[in-house]
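Asks: Supplied in C-alpha cells, the structure appears directly below.
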Amino acid sequence: MSVFERVRLHMPSLGGATGWINSEPLEPDDLRGHVVLVDFWTFTCINWLRQEPYVRAWSQAYRDDGLVVIGVHTPEFSFEHEIDRVRQATRKRGIDHPVAVDNDYEIWSAFDNHYWPALYFVDAGGVIRDHHFGEGRYEGSERVIQRLLGVERGLVEVQGDGVEAEADWDHLRSPETYLGYQRGERFASADRATLDAPHTYQLPEDLSLDHWALGGEWTVHGEHIALHQAAGSIAYRFHARDAHLVLSSRTPEPIPFRVALDGEPPGPSSGVDVDEDGNGLLRDGRLYQLVRQHEAVRDRTLEITFRDPGAEAFVFTFG
C-alpha cells in the first residue's frame, strides 16, 4: 500500500496552470468518474523522453476505458517557459492528451513534486493511489492503471525510437553533467571558469573520464554557457552508448555545428541529430542526440564545434 492510499490524499487543483494545450482548463471536479494519470515533464529531459512512449501508449490504449492522462509541463530551463516551444514538443511527440503549462511551478508545488518525470495515479473518486518517479517500472505502472480502471488484459507493446529508445543501462557510466556554474562540476579547462563574463578558453590535450572543457570565447552563466565567437568548442570524455546535449540559441538563424569522436567524424556512431560526417544544425532549443555508439561501448571523447556565435549549452545527458 502506497503512502497516498494510507492517507487518502486527493488530487490537488490544476488552477495554477499558466496555459493549456489540447484542452480547456481542467480541475479535479471535471475529472471525477475518470481514472487520471498525471505526468510531470519538461521537454529537454532525457528521462522523460524515454518514458514518454509508454505514457502515450497508455493514453491511447485505455482512453475508451475511462483513463485521462494529464501532462504537466514544468520547465527546468528558462527557454522552456515559451509556450510555443512546449506546443512544438507536444506535436513532435504525438501527445494528444491535455497538457497543463506550469510555468510558475504552482501545480508542481501543489503536488509537492520534486522530479522529472513523475507519475501520479488518481482513482475515479479523485484520490491519489500511487506514484512513480523516474524511468522504469512500466509493467507495474500499467497494472496500476488496469486495477484502477477495473480491467485486465495484456500489456501494450512499446518500442521507443531515436531519443525515446531505452538507455543501454549495462554500459551507462557517465552522469548527467550541467554546464552552468549553479550546478556545474568537473570542468577541466586550464583556466578556472570566469563567471558571467566572456573569457577565451583552450581545450586541453587530454580529458579524464566525465570531465569537460571549452575552447574559444564563452561566458559561463549560472544556468548555461554561451558562445561569443565562431568556432567555439565543447569537449567531454564519456562512457555510454548515447551522448546528448541540451542546446538553445540567441540568434534567429540556424547555427551549423560539427561533432567529432576521438578527433574523427562519428560515422555510423552519429546520433539522430548528426550525420555520419558529424554535421548538425542548431535550430530549436531542445535536447540533441550527438552520439549513438555503433559498436562496443567504450570511453570516447566527444567534441562539438559551432561555426557561428550564439549557441547556448545547458547539460550533457547519456543513455
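The values are calculated or read from the model by the stated rules, or taken from the named source; none is laboratory data. These numbers come from a predicted model, not from an experiment. Using ideal geometry, Cβ is built from the backbone for each residue, glycine included, and neighbour counts are taken over all protein chains shown. Accessible surface areas use protein heavy atoms only, side chains included; no ligands, DNA or RNA. Shrake-Rupley method; radii C 1.70, N 1.55, O 1.52, S 1.80 Å.
Asks: Residue check: is I107 assigned to a loop (DSSP other than H, G, I, E, B) and of a type in the set (A, V, I, L, M, F, W, C)?
Replies: Values: assigned to a loop (DSSP other than H, G, I, E, B): no; of a type in the set (A, V, I, L, M, F, W, C): yes.
No; evaluated as a whole, the condition is false for this residue.
Asks: Continuing with the same structure: What are the pairs with Cβ atoms under 7 angstrom where one residue, in segment 111-130, is among the hydroxyl-bearing types (S, T, Y) and at pLDDT 95 or above and the other, located anywhere, is assigned to a strand (DSSP E or B) and open to solvent by 20 Å² or more (accessible area, probe 1.4 Å)? Sequence gap at least six, or different chains.
Replies: Short answer, once both residue conditions are applied: Y115/F133; Y120/H131.
Asks: Go through the residues of segment 109-122 one by one and say whether even a single one is more than 30 Å from G222 (Cβ to Cβ), in contact with a strand residue (DSSP E or B) (Cβ under 9 Å, 6 or more places away or on another chain) and open to solvent by 30 Å² or more (accessible area, probe 1.4 Å).
Replies: No.
Asks: In segment 276-312, how many residues are touching a residue at least 24 places away in the same chain (Cβ under 8 Å), farther than 18 Å from L214 by Cβ and of a type in the set (G, A, S)? Full working, then the answer.
Replies: Taking segment 276-312 as the starting set, the residues that turn out to be touching a residue at least 24 places away in the same chain (Cβ under 8 Å) are 280-295, 297-312.
Filter once more, so that each one left must be farther than 18 Å from L214 by Cβ: 280-281, 283-287, 289, 291-295, 297-300.
If we keep only those that are of a type in the set (G, A, S) too, we end up with 280, 285.
Matching residues across segment 276-312 total 2.
Asks: So F316 passes all but one of these: (1) touching a Gly at 6+ places or on another chain (Cβ under 7 Å); (2) of a type outside the set (V, I, T); (3) buried (at least 20 other Cβ atoms within 10 Å of the Cβ). Which condition number does it fail?
Replies: (1)
Asks: Taking segment 216-232, which residues are part of a strand (DSSP E or B), closer than 20 Å to R186 by Cβ and open to solvent by 10 Å² or more (accessible area, probe 1.4 Å)?
Replies: Once the filter is applied, which keeps residues that are part of a strand (DSSP E or B), closer than 20 Å to R186 by Cβ and open to solvent by 10 Å² or more (accessible area, probe 1.4 Å), segment 216-232 yields only G216.
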